[in-house]
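Here the structure comes first, spelled out in structure tokens, and everything after it is commentary.
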Amino acid sequence: MFGTKRKEDMLRRIFRNAFSGVVRHAGLSLTSVLVITLTFGATSALALFAFGADKILDYYESRALVTAFFKDEVTEEQILDLREELLRRPGVTEVTYTSKEEAFAIYSERFKDRPELLEGIPTNILPASLDVRTESLDDLPEVAEFFEGNDLVEEVAFYQDVVERFRNLVNVARTSLLALVLLFAAISTVVVLITVGLIIHSMEEEIEIMALLGATKTYIRLPFIIQGATYGLLAAIISGGILTLAIPSLFPFIRSFFTNVPLPDPSVGFQLGLVGLETLIGILIGSLGSWLAVSRYLKV
Amino acid sequence: MITFQEVSKQYPDGTVALSQVTFEVSPGEFLFIVGPSGAGKTTLVKLLTREEIPTEGEVVVSDRRLSDLRGNALLQHRRELGVVHQDYKLLAEKTAFENVALALEVLGRPDSEIREIVPHVLSLVGLENRATHFPSQLSGGERQRLAFARALAPEPKVLVADEPTGNIDPESAWSAVRLLEKINEMGTTVLVATHAAGIVDKLGRRVIGLEGGRIVRDQKKGRYAA
């Protein structure tokens, strides 16, 4: 019982020393906290970008299709036979038939505000078509080849390249952001190392006195490690606050660029997970930086 | 209790601070180490606190060879030794109470004990009304007594004082000496490194004289000058 009380008192002193260190060296502490917050800014940007890009990519992949436009003389019956054949192919999920009349109706609807584009055009001028969607983008080339080898088909429109290019762009952006996050994490660790190093230097006399009074290494060193971890924790709290405030205005802004894409706000679970992850990373960065400083500068 | 066996200390810059120093101190003894500045008194204190290691010879305290002490054994040695440094080594950002409490906190003493011991020790040195004052708000004599209070709080077996009367007025110096005698009467072994001739002569205790790092005399009831 006595021993437990003694340990509790020791632990409380160690934490008290750590927190008073943060307050006593407020300027240095703030520098570290801000740099780690910057890391979390990049981490949050990466996470939100990944979230949004995945949704947008999913949408475009699901919209990717091969469209076959048929020759004028091809009958509806022939096209519907072809549709049945396509539906039996593995990987094909949806085949939509658009007749000449429906195509004209769509065209008329789209340009209803510009009657000059509709004047004098016969209603059967647009070709009938089949839109084919597949489970995966990789299945689209086969469908395109199928149409290209068919005499009934006048022209094949194939949108895989656009989606592929978008996917590549997203991957490059994601990798660049990840590299940025790692760079910021490394810079943060170094900044904590320097900050705690400077604090150790400014407390040399106090450390020397504690050592002469018989303080253990843990008693002297642990407050500095906790101090570093506190910087990470504070940065995670600030970053979490900014994230919570930013998301309600950020996502409507992003949605304005992708009007057709259903892009929901990240869920509360996603945000909590992100803040939790950043807290963990923050504590790790802070502890690592201060541990390096203690190992390097604290000689007791 | 304390044995210096042919101890020599040479610093990296070539300065020989102590040379072939041999003496013993029994438990409960009161001893003055005297000599002019540069005689080796502070080095002798640093060897006792194990801030320095002898170049030759051995320092043994309570059957522990100080050169061999590492980790917990070194901590234990320092915890049994109360030291009053020449510059007091008080923490400017802590109050008198906190400075004394620190000596107990690092030893892991519970808060309840610290709350009892610190006022008692502060009262012993006459600083009971200065508990909330910072060192900068204390006079030279008060700072010195605070250093004594911190050294005494953990109830050390040995108290070492390096020039404790060096930077204070004569009245404070005498009050410090009376305090040292009181501590000694309570059973604590006391070593005082000083060049305060008047105090040494008045007390008539054992005196070891150092000059140029060598022991020039060791007298049971000695005086400052031979």
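What follows is calculated from the coordinates using simple rules that are stated; it is not laboratory data. Everything quoted here is computed from the prediction, not taken from an experiment. Quick reminder, even Gly has a Cβ in these numbers, built from the backbone with ideal geometry, and neighbours come from all protein chains shown.
Each Lys and Arg Cβ is given +1 and each Asp and Glu Cβ -1; about its Cα centre, chain A then shows a dipole of about 3500 debye. Projecting the Cα atoms of A:GLY91, A:ASN150, A:PHE104 onto the charge dipole of the stretch A:65-158, computed from C-beta unit charges around the Cα centre, puts A:PHE104 farthest toward the positive end. A Cβ-based charge dipole, computed about the Cα centre of the stretch A:1-157 with Lys and Arg at +1 and Asp and Glu at -1, lands at about 3000 debye. Going toward the positive end of the dipole of the protein assembly as shown, with +1 on Lys and Arg Cβ and -1 on Asp and Glu Cβ, which of A:THR230, A:PHE15, B:LEU75 do you reach last? Farthest towards the positive pole: B:LEU75. Averaging the Cα positions of each part gives two centres, and for the stretch B:95-123 and the stretch A:76-135 these lie 89 Å apart.
Across the stretch B:111-198, Cα pairs under 8 Å and at least six residues apart give a relative contact order of 28 percent.
Could you tell me the distance between the Cα centroids of the stretch B:22-41 and the stretch A:159-176, to the nearest Å? The two parts, judged by their Cα centres, are 82 Å apart. Taking the Cα centre of each part, how many Å lie between the stretch A:39-73 and the stretch A:230-294? So the two Cα centres are separated by 23 Å. You can think of it this way: the chain between A:THR175 and A:GLU77 has 30.3 nm of extra reach, that is 0.36 nm per residue less the Cα-Cα gap. Counting only aspartates and glutamates at least 8 places from A:LYS7 when in the same chain, those with an alpha carbon closer than 12 Å to its own are B:GLU105, B:ASP111.
Once the dipole of the stretch B:89-155 is set up with Lys and Arg at +1 and Asp and Glu at -1 on Cβ about the Cα centre, which of B:ALA153, B:ILE114, B:PRO135 lies farthest towards its positive end? Result: B:PRO135, furthest along the dipole toward the positive end. For the stretch A:65-158, the relative contact order works out to 49 percent when only alpha carbon pairs closer than 8 Å and six or more residues apart are counted. Per residue of peptide A:82-90, the mean number of Cβ atoms on other chains within 10 Å of the residue Cβ is 0.
For chain A, averaging the sequence separation of C-alpha pairs within contact (under 8 Å, six or more residues apart) and dividing by the residue count gives a relative contact order of 29 percent. Measuring between alpha carbons in the structure, the pairs from B:LYS46/B:LYS89; B:LYS9/B:LYS220; A:LYS299/B:LYS94; A:LYS299/B:LYS9 lying more than 19 angstrom apart are B:LYS9/B:LYS220; A:LYS299/B:LYS94; A:LYS299/B:LYS9. Translational diffusion coefficient, Stokes-Einstein: compute it for chain A using the Kirkwood radius over C-alpha pairs as Rh, at 20 °C and 1.002 mPa s, and state it as an integer in µm² s⁻¹. Estimated diffusion coefficient is 87 µm²/s.
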